[in-house]
Amino acid sequence: MNATESADDGALLREARELTPALYALGRVLRLRGVDEAGLAPLAPSDLEVLRHVLDAPGVGVGTVARDLALHASNVSVTVRGLVAHGLIRRERDPQDRRAVQLYPTMGAMQGMAAIEQAWSEIFADSLATLSEDERASLRAAVPALRSLAASLRAQRSSARG
């Protein structure tokens with residue numbers, strides 16, 4: 001490694017130290033709010049994560065959810081049982097492997113998540129209204145980079161497991 005690479009690494013670490021707490025705080029606000037504002041029964045953050053994964057990938061199996069979310073399969077199984085009991089997920093036998101089950105969101109889950117996402121949008125809109133137009137423009141411009149960053153983090157996690 002040469003001096004330029006070392007300086008670049010230092011600059012990247014400084015950027016990461018500045019960005020990470022801000023992004024974490026935003027995620028935490030969303031996890032802790034939204035469900036209440038949508039008027040839904042409280043769900044643990046892990047329940048919301050599993051539910052979001054099933055909504056994004058209907059037919060997914062428990063093992064895949066556990067791997068993708070870096071959770072223990074036994075914890076995902078317990079979470080799924082709770083979500084089934086709340087009427088948010090349904091299990092179906094995998095037609096390719098009768099021993100396995102596939103997870104599907106219910107209509108209640110789809111409507112509930114839509115209500116949560118609407119509440120999140122309203123929370124953000126209220127806060128965005130307090131920002132200057134330049135700050136809002138900066139946030140809009142950052143959306144593609146944030147999506148790329150999220151994809152990179154997911155890929156990095158997948159390659160570390162694989």
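Amide H contacts of residue 106 (H built 1.01 Å from N, in plane; Pro and chain starts excluded): 89, 90 sit under 5 Å, all sequence-distant by 5 or more or on other chains.
Taking 7 Å steps out from each Cα toward its Cβ at residue 8 and residue 41 produces label points 5.3 nm apart. Centre-to-centre, using Cα atoms only, the range 74-108 and the range 29-44 are separated by 22 Å. Among rounded, prolate and oblate, which fits the chain when a ≥ b ≥ c are the square roots of the eigenvalues of its C-alpha gyration tensor, a/c under 1.5 means rounded, and a/b larger than b/c means prolate? It comes out oblate by the Cα gyration axes. Between 46, 77, 132, the GNM of the chain built on Cα springs shorter than 10 angstrom shows 132 fluctuating the most. Given R0 = 22 Å, the distance between the Cβ atoms of residue 136 and residue 28 translates into a calculated FRET efficiency of 0.55.
Relative contact order for the range 1-91: what is it in percent, counting Cα pairs under 8 Å that are at least 6 residues apart?
On the way: 37 pairs, mean separation 16.8, N = 91.
Once normalised by length, the contact order is 18 percent.
Can you give the angle from 0 to 90° between the axis of helix 73-85 and the longest principal axis of the chain, with both taken from C-alpha atoms, to the nearest 10? Helix 73-85 and the main axis of the chain meet at about 60 degrees. Given the options 141, 159, 130, identify the residue whose Cα lies farthest towards the positive end of the charge dipole of the chain (+1 on Cβ of Lys, Arg; -1 on Cβ of Asp, Glu). Toward the positive end, the furthest listed residue is 159.
Computed from point charges on the beta carbon alone (+1 for Lys and Arg, -1 for Asp and Glu), the dipole magnitude for the chain about its Cα centre is near 840 Debye.
Bear in mind that the values in this text are calculations on the coordinates, not laboratory data. Predicted model only: the values in this text are computed from it and were never measured. Neighbour counts are summed over all protein chains in view; Cβ atoms, including those assigned to glycine, are modelled from backbone coordinates with ideal geometry.
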